[in-house]
Amino acid sequence: MTYSFKQIDHIQLAAPVDSEETARDFFHGVLGLPEIEKPDSLKANGGVWFACGHHQLHIGIEKDFAPAKKAHPAFEIEQIENLQAHLEEQGYPVITDDRLPGAIRFYVDDPFGNRLEFLEWENGR
């Protein structure tokens, strides 16, 4: 059998029941990710989807929700200092981390407690 990986299509983060509006407020309202309409066949599952460059971020509803404190998506950003300042102005504390050579990066929790990483490569990688 022969196959090859092309790319990651989407990532999914979990969120508690009835939290779609909170997800929209943060991922669209604060971060500026455009919302994508879910297919009709999946709308009954709840949740909300967002575009992130050529990829997608899905927020899925989980009945017995527990936030991901270690596992996380990492978003490559341009002008990361502006995003950091914006998040702090919006009341989202960031944790800076300088342990990855060549990257400026920080972490922030989404409104559900899921860890998110944002990074910018100093030389464009």
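Nothing in this text is a laboratory measurement; each read-out follows from the coordinates by a stated rule. All figures in this text were calculated on a predicted structure; none of them were measured in a lab. Cβ coordinates were reconstructed from backbone atoms using ideal geometry, including for glycine residues, and neighbour counts include every protein chain displayed.
Would you mind telling me the antiparallel percentage of the DSSP bridges in the chain, rounded to 5?
65 percent
Mind checking which of 25, 40, 109 has the largest fluctuation in a GNM of the chain, springs on alpha carbons under 10 Å?
40
Among 28, 54, 72, which one shows the biggest mean-square fluctuation in a GNM of the chain, springs joining Cα atoms closer than 10 Å?
54
I want the local charge near residue 100. Using Cβ-Cβ distances under 14 Å, sum +1 for each Lys or Arg and -1 for each Asp or Glu among the other residues.
Working: positive: 99, 105, 125; negative: 76, 97, 98, 117, 120, 122.
Once positives and negatives cancel, what remains is -3.
Using each residue's phi in segment 77-84, evaluate 6.51 cos²θ - 1.76 cosθ + 1.60 at θ = phi - 60° and report the 3J(HN,Hα) Karplus result to the nearest Hz, with x for Gly and Pro.
10, 9, 6, 4, 4, 5, 5, 4
Residue 20 versus residue 69, label points 7 Å from Cα toward the beta carbon: distance in nm?
3.0 nm
Which of the aspartates and glutamates could a cross-linker bridge to residue 70, judged by Cα under 12 Å and excluding same-chain residues fewer than eight apart?
Partners within reach: 109, 117.
Checking the cross-link filter: which lysines have an alpha carbon closer than 17 Å to that of residue 63, excluding same-chain neighbours under 8 positions apart?
Straight-distance partners of residue 63: 43.
Using label points projected 7 Å from each Cα along Cα→Cβ, tell me how many nm separate residue 7 and residue 90, to one decimal.
Once both label points are built, they end up 2.4 nm from each other.
Counting Lys and Arg as +1 and Asp and Glu as -1, what is the net charge of the other residues whose Cβ lies under 13 Å from the Cβ of residue 48?
-4
Counting other Cβ atoms within 10 Å of each Cβ, which trypsin sites (Lys or Arg not before Pro) in segment 22-71 have at most 10 and sit in a DSSP loop?
Passing both the DSSP loop test and the Cβ count: 63, 69, 70.
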